[in-house]
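The values are calculated or read from the model by the stated rules, or taken from the named source; none is laboratory data. Being a predicted model, the structure only gives us computed values, none of them experimental. Here Cβ is always computed from backbone atoms with ideal geometry, including for glycine, and neighbour counts include all displayed protein chains.
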Amino acid sequence: MQAKGFLCFDEENDWRLAPTATVEAPPAEISGDVSRIVSRFSTMSSRDLTGYITTRFPEYEHSDRQDPRTERQTAVFTVGYEGASVDAFLNLLLHNGIKRIIDVRRNPIARRYGFHKSTLMQLCSRLDIHYVHVPDLGIESQKRRCLETFEDYVKLLNEYSRTTLKNKQSQVLAVSDLAQEIPSALVCMERNPKYCHRSRLAKKVASILNVPVSHLSVNG
């Protein structure tokens with residue numbers, strides 16, 4: 001925000017709104033996130049805020065000499081972003097050594113800030129995380145509208161296994177190649193993988209690569 005001319009330091013070396021900045025109301029889809037951030041951090045000095053970030057999210061401190069991300073054993077990783085902030089989501093990826101996300105949503109549109117395709121792609125690129133979208137392995141929105149019970153979800157996922165995973169074998173093999181190349185995570189919205197098609201896709205890819213499945217969970 002400083003680079004874009006929105007913020008600057010004052011005489012006491014604290015952040016303030018730049019004189020030339022234009023204040024506008026944030027878009028409705030991110031206003032809640034903005035309010036939570038302001039409520040929690042507005043009283044912190046820049047020094048305290050920097051200390052908080054480096055302590056809570058050490059993975060963001062990149063070095064030219066060493067990548068801070070932890071290398072993990074080969075696995076098919078999955079993660080759902082439901083209810084999470086994009087910062088917590090990205091931190092989870094860094095902490096687990098994920099270097100590519102494979103977005104398996106049919107329509108990568110999200111009301112929650114950071115998870116729309118273009119925004120997520122941009123944020124990932126800043127952290128050297130490769131973004132790939134494979135819409136053919138997603139599920140149409142209309143098929144998810146009337147799901148109420150766990151049995152409803154199981155029925156839908158069984159259909160997904162019988163149809164999509166069987167008919168889109170070239171895309172499944174492409175995802176397998178990507179997952180084998182570098183640590184990658186299948187990404188969708190549902191928090192619980194049992195309710196999400198990514199669990200079925202992950203199981204299929206894992207069987208091809210002969211590796212385990214690891215479902216990552218975002219906190220915050």
Problem - Selected residue (only one of 111, 198 is of a type in the set (D, E, K, R), within 16 Å of residue 92 (Cβ to Cβ) and in contact (Cβ under 8 Å) with a residue 40 or more places away in the chain) - result: 198
Fill in the blank from the handout: Residue hits (region 206-220; closer than 11 Å to residue 173 by Cα and touching a Lys or Arg at 6+ places or on another chain (Cβ under 8 Å)) are none
Practice task
Go over the candidates 154, 104, 172 one by one and state the one that is of a type in the set (A, V, I, L, M) and under 19 Å from the mean Cα position of the chain (by Cα).
Solution key: 104
Exercise for the section: Out of the residues in region 142-178 that are among the hydroxyl-bearing types (Ser, Thr, Tyr) and more than 17 Å from residue 132 (Cα to Cα), state the one that is surrounded by the fewest Cβ atoms within 10 Å (Cβ to Cβ). Expected result: 149
Practice task
Evaluate region 182-193: report whether one residue or more is part of a helix (DSSP H, G or I) and surrounded by fewer than 17 Cβ atoms within 10 Å (Cβ to Cβ).
Solution key: no
Practice task
Examine region 142-152 for a residue that is closer than 16 Å to residue 103 by Cβ and assigned to a loop (DSSP other than H, G, I, E, B), and state whether such a residue exists.
Solution key: no
Completion exercise
Of the residues in region 32-79, those that are within 22 Å of residue 125 (Cβ to Cβ) and at pLDDT 75 or above come to 77, 78, 79
